[in-house]
1. Evaluate the relative contact order of region 123-193 (contact order divided by residue number), counting alpha-carbon pairs under 8 angstrom at least 6 apart; express in whole percent.
2. Candidates (1) 46, 41, 40; (2) 58, 32, 26; (3) 68, 34, 30; which is the computed Cα extents along the principal axes in Å?
3. Which whole-number percentage describes the relative contact order of region 19-118, with Cα contacts under 8 Å and a sequence gap of 6 or more?
4. Students often check this: by mean Cβ neighbours within 10 Å, which of 22-31, 55-64 ranks highest, and how do the rest follow?
5. Quick one: net charge around residue 14, please, counting Lys, Arg +1 and Asp, Glu -1 for every other residue with C-beta under 12 Å from its C-beta.
6. Find how many whole Å separate the alpha carbon centroid of region 48-73 from the alpha carbon centroid of region 101-172.
7. Counting only protein heavy atoms and a 1.4 Å probe, tell me what percentage of the chain's accessible area is made up of carbon and sulfur.
8. Given a 1.4 Å probe, how much area per residue of the chain is accessible, in Å²?
Amino acid sequence: MSKKQYNILASKSKRRIEILKLIKFDFSTQQSNIKEHFNLQLPPEAFAEHWAREKAKDVSKINPNALIIGADTIVVQDSKILGKPKNKLESISMLHSLSGRTHKVVTGVSFIHVGLKLDITFNDTTSVSVNKLKEDDILKYIRDYNPYDKAGSYGIQDGFSIHVNSITGCYYNVMGLPVSKFNSIFQKIKELIYKSD
């Protein structure tokens, strides 16, 4: 294999793309065909890792000589996994459940390189404390930001930021990628890849 390393993000997530560009990571994107479902009975950390790995595995099938990166972010409140809301009622319900409380955001990340038999998956957790939300706050946020593509029905980087009291852990993990942990593990993977040349 040549020294040129091909990295593919198995997602078209605008937020993950933004984070990787921020750290000058060299990559292309390819959407996986995996559709996650929430009837999988796993603890939150294992759930996020499972779907991150499934996404990476799917894209790796047609890219065996590239390093594939899969990721999956979930919001957890009262041991319940909150995915993306299907409609306005689900969005309202999710935001009510987060109001005035602290929840966890878990992101699973998977690195797969079929040609090198490399398969590494990990997760990171950030705690997010949300101020008490009024009904008008919730309805205005949904109206202005249409958070139907976001786990837990909010984006910490958009207008919901005014309702976040504090976070413990990686901010970027809440956006969709624990960037420090990601980079640390990627650097080790790079060494393995170049040693194999």
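The values are calculated or read from the model by the stated rules, or taken from the named source; none is laboratory data. Source: prediction; values computed, not measured. Backbone-built Cβ (ideal geometry, glycine too); neighbour counts: all protein chains shown. Quick note on the areas: whole protein, heavy atoms, side chains included, nothing else; ligands and nucleic acids left out. Shrake-Rupley method; radii C 1.70, N 1.55, O 1.52, S 1.80 Å.
1. 41 percent
2. (2)
3. Values: 139 pairs, mean separation 33.5, N = 100.
Once normalised by length, the contact order is 34 percent.
4. The most tightly packed comes first, giving 55-64, 22-31.
5. On the way: positive: 12, 15, 16, 21, 150; negative: 18, 149, 158.
Result for the local shell: +2.
6. Using only Cα atoms, the two centres lie 20 Å from each other.
7. Solvent-exposed carbon and sulfur of the chain make up 51 percent of the total.
8. 51 Å²
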